[in-house]
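Quick note: the coordinates plus some simple rules give every number you see, no bench work behind them. What you see is a predicted model, and the numbers here were worked out from it, not measured in a lab. FYI the Cβ positions are ideal-geometry reconstructions off the backbone, even for glycines, and counts take in every protein chain you see.
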Amino acid sequence: MRRSSAGFGVAVLALSVLLAACNVQSPFSPDDKAIVSDIQAKLFQDSVLKTRDIRVSSSKGVVELSGNVQTDLEKAAAERVASQASGVKKVDNQIEVAPQASAKAEPAPEAPPARLQSRSEEPSAPRPNKWKAKHSSTRRVDRAAEPSNESTSSVEQSAPKETEKPLAAPEVASTPPPPSPPPPPPPPVQVTIPAGTVITIRMIDGVDSSRDQAGQEFGASVAAPIVVDDQVVVSQGADARVRLVKTANAGHMTGRSEVELALSSITVGGSNYDAVSTTYNQAGSSRGTRTAETVGGGAVLGGLLGAIAGHGKGAAIGSVVGAGAGTAAQAGTKAPPMKIAPETKIDFTLKSPIRVTLPPR
């Protein structure tokens, strides 16, 4: 009974010692080593962070990051990678952001992420062989001193010959763009002078029935402007032509002198437009009436003189003699011609419309 109790006590004591030994860990326990290896492996998998000087240490799950990076973004990324590792309780990020210092640092040589060696485990680099290095450098110098046919030929081929130089393009003087053409002038306007319009003209040439013949034209001008729809179509003073339609001269005994005129054309904008109008007639007194009055007056005067001289029979003889004297006097008198003097105003009324083209304004 005592032996069983003593054995039980020894077992309990051994178990307690074993548990105490398990709870006490060294400063760099195997768990911290696994944490450091895991973080370093993840940093190495990042294409940017693996080129930065980042040092990782762990103590009881508290990870400390130190070293240099170029940006705050890289510092935060390293802390995120460390915090995601298994077994990490806290991350103390002591990494410094120094763009110039980190830029000068050369990227660390790539190593397989499976197992990272500590500095103490890194193998020592073999010592260089001075004799071999000396002879190899001498051989490199000798090879460099020798002219290379390949480099010479490549230089000769790359250097362009003088005859093969491309000709420079002739300089073309820049000419200013041609000025834009002016806008086209407004189109001409066509206006119709309606029939029934009264056109007043002023004669420039005079008309004389004794010398002028039918069909002749005489110069004239428009005495008053012609207005259509509140628009002056023909201005005052425009040229016009008047045609002599009919002319007649009275004889010694019968007939009368007369002239008949019509508007022939008007000028608008340098163009002549034919006109069809009413006629203007000017005539003298009838020659036959005047002859009768002259002969009758002579007969009466002759009868009175005959009656005084020879009573009744003398009156008849005096009438015949007086009438003959009156006829002779009328036959010897020439009828005056009909004339229209210059500056005479005449009104013509259009029988047909005139379509004129006005110049653009």
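Overview of values
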quantity: Protection proxy ranking of 268-277, 189-198 - average other beta-carbon atoms within 10 Å, highest first; calculated: 268-277, 189-198
quantity: 5 angstrom amide H check on Ser265, placed H, neighbours 5+ away; calculated: Arg241, Ala275
quantity: Approximate shape of the stretch 30-104 as ellipsoid semi-axes (Cα gyration tensor, √5λ), whole Å, largest first; calculated: 21, 12, 10
